[in-house]
Amino acid sequence: MSKYSNDELKMFEKQDHLLLDMELKRAKQSGKGQFKVNVQAFDEVPNFKQHIWSWASKNGIDYSEEYDEFIFHIS
């Protein structure tokens, strides 16, 4: 049985997307070509990699995973 309900999982996905939206906005305002987010910001949720993939796909952003960080490349 899942540790979280479907409603909780949807809430976590929204929170993950909000965090990524804020970091993207901050990076663009600073003129940066990339930004990093520590994996610990997401790892409580079992399907957090799906959240990251769906957000990046929706926004047309490439990303990579190195050690304990996700690196998002802004084009």
Practice item. State in Å² the accessible area per residue of the chain; use a 1.4 Å probe, count heavy atoms of protein chains only, and round to the nearest integer. Key: 71 Å²
Check your understanding: Relative to the first principal axis of the alpha-carbon coordinates of the chain, what is the inclination of helix 48-59, with its axis defined by its Cα atoms, in degrees from 0 to 90 and to the nearest 10?
Key -> 40 degrees
Check your understanding: Pairs LYS3/LYS58; LYS3/LYS36; LYS28/LYS58; LYS28/LYS49: which are spaced more than 20 Å apart, C-alpha to C-alpha?
Key -> LYS3/LYS58; LYS3/LYS36; LYS28/LYS49
**Study point:** Residue-span extension gain [ASP21 to LYS36] - 0.36 nm each, minus C-alpha spacing
**Key:** 4.2 nm
Revision key, fill the gap. The answer for the net charge of residues other than SER30 whose Cβ lies under 14 angstrom from its Cβ, with Lys and Arg +1 and Asp and Glu -1, is +4
Exercise for review: Taking the Cα centre of the chain as origin, sum charge times position over the Cβ atoms of Lys and Arg (+1) and Asp and Glu (-1), and report the length of that vector in debye to the nearest 20.
Suggested key: 360 debye
Exercise for review: Could you look at the chain and say what percent of its accessible area is carbon and sulfur, using a 1.4 Å probe and all protein chains?
Suggested key: 49 percent
Check your understanding: Between the helical axis of 6-29 and the dominant principal axis of the chain, each derived from Cα atoms, what acute angle in degrees is found, rounded to the nearest 10?
Key -> 10 degrees
Check your understanding: What number in nm² do you get for the stretch 1-58 if you take the convex hull of its Cα atoms and divide its surface by four?
Key -> 4.2 nm²
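The values are calculated or read from the model by the stated rules, or taken from the named source; none is laboratory data. Being a predicted model, the structure only gives us computed values, none of them experimental. Glycine also receives a Cβ, built like all others from the backbone with ideal geometry; neighbour counts cover every protein chain displayed. Protein only, heavy atoms only, side chains kept; ligands, DNA and RNA dropped before computing areas. Shrake-Rupley method; radii C 1.70, N 1.55, O 1.52, S 1.80 Å.
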